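*Asks:* Got a structure here, written out as structure tokens. Questions coming.
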Amino acid sequence: MANTQKGWINKDIFQFLVPHLTMKIFLYLEIIKSIIPGVTRPLKCPVCIKPTNLTKWKKLLGEYNKAIATFEMKITQACHVTCPKCHEMHSTLPPLSMAKPHEIFKMNSQLCTLCCQYCRHRRSVNHITNMFLIHFLIRRVALYLRWRREDPFICTLCCGANFCFSCKTSGHHIGEPCQAFEELEDIAQCPNCKLHVVKGDGCDIIFCFCGRMGKRKIGIWF
């Protein structure tokens, strides 16, 4: 944050600006609370209107961290499913690793060894991905959702029940399409954010929360 040449706000400058920007930041964070749960979108700086790294903001915002916590909670709801065993809603996002940076550097040699073993088909990819997790929540959620598009079959973290993340049904229907969405003609999947949008009353035009627009019946998106 101290590198002003790259555009980051110096900590001392930030502390000086806070009294002057308090109301603006407060109003901006109030708008954040109205963000639709389950829609992954970046949080923009209230001053320069550019996407910000929440990890950096948390160190400086103090009392406003509560609003950011609300924002993060809504983001993670994109990964929530209702377990078919306990019938409770839980997150499927892997828990955040608490490893400190200096501990991560000590694991570099171990990671290189695992990568070599993986390339020789002696280790599975899980041995590598289980070592590190991204601390930036929005990126973690976005990458997780991208992973689930390619591999929708999961086991719930609470009960270990087989579940399809795509169509939200119990079991792994390997080799069969997700019938749940195909049978509902009023649902279309956005090609940009992959969110399933339900068509309301009126014409055939569908507007997604990410800004994309399309026609449901013919499957064209603009």
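*Asks:* Around T113, what is the net charge, scoring Lys/Arg as +1 and Asp/Glu as -1 over all other residues with Cβ under 15 Å from its Cβ?
*Replies:* +4
*Asks:* Oh, and also: Arrange V39, V141, V125 by Cβ neighbour counts within 10 Å, fewest through most, would you?
*Replies:* Fewest-to-most ranking of V39, V141, V125: V125, V39, V141.
*Asks:* How far, in nm, would the chain grow between C159 and H173 when pulled straight, counting 0.36 nm per residue and subtracting the alpha carbon separation?
*Replies:* 3.2 nm
*Asks:* Grab the Cα-Cα distance for V125 and R212, subtract it from 0.36 nm times how many residues apart they are, and report the gain in nm with one decimal.
*Replies:* 27.9 nm
*Asks:* Compute the distance in nm between two label points, each set 7 Å from the Cα along the Cα-to-Cβ direction, one at I134 and one at T70.
*Replies:* 2.6 nm
*Asks:* Net charge around C159, counting only other residues with Cβ within less than 13 Å of its Cβ (Lys, Arg = +1; Asp, Glu = -1)?
*Replies:* Charge balance in the 13 Å sphere: 0.
*Asks:* OK, next. I'd like the FRET efficiency for R146 and C203, computed as 1/(1 + (r/R0)^6) with the beta carbon distance as r and R0 of 41 Å, rounded to 0.05.
*Replies:* 0.85
*Asks:* Take Q77 and C116, extend 7 Å from each Cα along the Cα→Cβ direction, and tell me the distance between the two endpoints in nm.
*Replies:* 4.8 nm
No lab work stands behind these numbers, since they all come straight from the coordinates. Note that this is a predicted model, so its numbers are computed, not measured. Glycine gets a Cβ as well: all are built from the backbone with ideal geometry, and neighbour counts include every protein chain shown.
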